[in-house]
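Everything on this sheet refers to the single structure shown next.
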Amino acid sequence: MKMTRLFAAAFVVLLLCASHVKAAGPEERFLLTPTLLAKMKAAGPELKKLEKNDDEERDDGKSNNLSAEEFARVLDKEPRAKAILARHGLSTREFALTSYAMLHAGMFVGLEPSMNKKQAAEMLAQFTKEQRANVALLRKTDMSASNK
């Protein structure tokens, strides 16, 4: 399964779960740290290379609406991805939760300029304290280099 499909599935899950803060699960309670962001940035080029080298195109329909735990289990079945993550000090669960948290916070930070201040404040108020901290961390972190 291609990594882009997994990230797309993570994106869909975040969209579906964004309004259900009261029943916050691990994805909504995961706190990003500068160390985690550095590990993700370091692992990124290797994971992208793995994705480019992955010429198998599998779509078994099971990649839609994955929780972070399910995403981690999928990664556990990918020895090359698991090895890359281990080299960078990340478990598959940590990678999955960090990916979801970065995606959620990154979406907010990216869309924030297009919202009026009241909309942005109302949306941010609905986030968990960890999600608000993740947004604050991404606001002051330049992650553009990891997107290359």
Fill in the blank from the handout: Highest mean packing first, using Cβ neighbours within 10 angstrom, the peptides 44-50, 93-99 sort as 93-99, 44-50
Exercise for the section: Read phi for every residue in region 25-33 and hand back ³J(HN,Hα) as whole Hz from Karplus 6.51 cos²θ - 1.76 cosθ + 1.60, θ = phi - 60°, with x for Gly and Pro. Expected result: x, x, 4, 7, 10, 7, 9, 6, 10
Practice task
Please give the contour-minus-distance gain from Arg139 to Thr35: 0.36 nm per residue of separation, less the Cα-Cα distance, rounded to one decimal in nm.
Solution key: 35.9 nm
Exercise for the section: Grab the other residues whose beta carbon is less than 14 angstrom from that of Leu124, score K and R as +1, D and E as -1, and report the net. Expected result: +1
Exercise for the section: Would you kindly work out the equivalent ellipsoid of region 78-148 from its C-alpha gyration tensor and give its semi-axes, the square roots of five times the eigenvalues, largest first in whole Å? Expected result: 29, 13, 9
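Coordinate-derived values only; no laboratory data. Note that this is a predicted model, so its numbers are computed, not measured. With ideal geometry, Cβ positions are generated from the backbone for all residues, glycine too; neighbour counts draw on all protein chains shown.
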